[in-house]
1. Provide the gained length on full extension for the span S346 to E41, in nm with one decimal, where the gain is 0.36 nm per separating residue minus the Cα-Cα distance.
2. Net charge around A350, counting only other residues with Cβ within less than 12 Å of its Cβ (Lys, Arg = +1; Asp, Glu = -1)?
3. Taking a 31 Å limit on the Cα-Cα distance, which of the listed pairs K234/K308; K113/K308; K116/K167 fall beyond it?
4. Treat each spin label as a single point 7 Å out from the Cα along the C-beta direction, and report the K295 to N363 distance in nm.
5. Classify the stretch 274-343 from the C-alpha gyration tensor, please: rounded if a/c falls under 1.5, else prolate or oblate depending on whether a/b exceeds b/c.
6. Net charge near T277, counting Lys/Arg +1 and Asp/Glu -1 over other residues with Cβ under 13 Å of its Cβ?
7. Can you give me the long-range amide H partners of I152? Hydrogens built in the peptide plane at 1.01 Å from N, cutoff under 5 Å, separation of 5 or more residues or another chain.
8. Per residue of the stretch 201-206, in order, report the coupling 6.51 cos²θ - 1.76 cosθ + 1.60 (Karplus, θ = phi - 60°) as ³J(HN,Hα) in whole Hz, putting x for Gly and Pro.
Amino acid sequence: MVHPENDAQYKGLHVNEGVANLPSVNPYATFRRKKQLLTPEEYFAGIRGGDISVLGQAVTLVESNLPSDQQIAQRVIEMCLPYSGNSTRLGITGVPGAGKSTFIEALGTELCKSGKHLAVLAIDPSSERTKGSILGDKTRMNELSVQANAFIRPSPSAGSLGGVARKTRETVVLCEAAGFDTILIETVGVGQSETAAHSMVDYFLLLQVTGTGDELQGIKRGIMEMADGIAINKCDGNNIERAQAARVSFRNALHLFPPTESGWVPEVLTCSSIDHTGVMDVWHNVEEYIAFTKKNGYFDRHRTEQAKYWMYETINQALLDGFYRNERMEHQIEVAERQVLNNEISSFIAAHNLLDRYREQRN
């Protein structure tokens, strides 16, 4: 190619000839080999040894939907079960914008400095359209993520109800077997059902903020009834008076609710995740609750009920997977879907017909 810029009249300018026939593949690129799966025994040894890298790989296996991965994951979970159950499990929920991640970083940093071994299981909402998730909690928790005794694992909700990922409970087992004595579970946010989150923690904290209008109106009664404690976050600057007023409102509202099964009277506290004020007061309330429920026997009864709940949840999920992954049902589902779309059959009759055919195949 002739470059006019190289003409004598353009002194000081020179354009080199380009490289002809560039290779289609970058010769300097390095390709990573796919990580080889460990044996269940190797995963177990790494988890018990406190190897965070192996723990992260094991959690990835638990979250995988591949049957081969699930087979290994279930074996690892079985091996870890005898070493689980010795942690304090704290669930944190709240309206979007309540500052859940900031609160967890503030509380988690203080707990790590006091010698606690902390695992944070942060659930990010998945897109209903793309099924993708940002998983940005670890990025936001800058101070906590550098703590040597902290493990932060963001996971996609993947359409799960209750604001938690389906496999979160199994991840808790792995974290406890790895020696983490404190587990914080951050939910997606207040939704129609937080039962799943409540059924895997010892203490359920509702995080709330002021300045959003009628604070009480923005919270579902069912969430408040499940809460073992309420913390009014962002109690700083010119928001202190509003936070204190909201505290009084919530306390009055809680008096209208029936007594809790545990016998515990939920407390309403104020805190500031930015100033780190009142954050440890929330934790001390958690410790008081744990001591109270262990003394009256509710702690053990609650964990037993949780185990039963997740047994049935696992059965329900296995039945769903068995139905949708049945190769002989795939074509029949497509046919039924077309019939519903063409108004040839109602959705209810189509569903019952499909279930009847599935049962016939199973018999």
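1. Between S346 and E41, full extension yields an extra 104.7 nm.
2. On the way: positive: R338, R357; negative: E334, E337, E344, D356.
Computed value for this residue: -2.
3. K234/K308; K113/K308
4. 5.8 nm
5. In terms of gyration-tensor shape, prolate.
6. On the way: positive: K234; negative: E110, D236, D275, D281.
Value of the local net charge: -3.
7. V120
8. Karplus values, whole Hz, x for Gly and Pro: 10, 8, 10, 10, 9, 9.
We did not get these values from a lab; they are worked out from the coordinates using the rules stated. Every value quoted in this text rests on a predicted model; they were computed, and no experiment measured them. Counting neighbours? That spans all protein chains shown, and the Cβs are built from the backbone with ideal geometry, glycine included.
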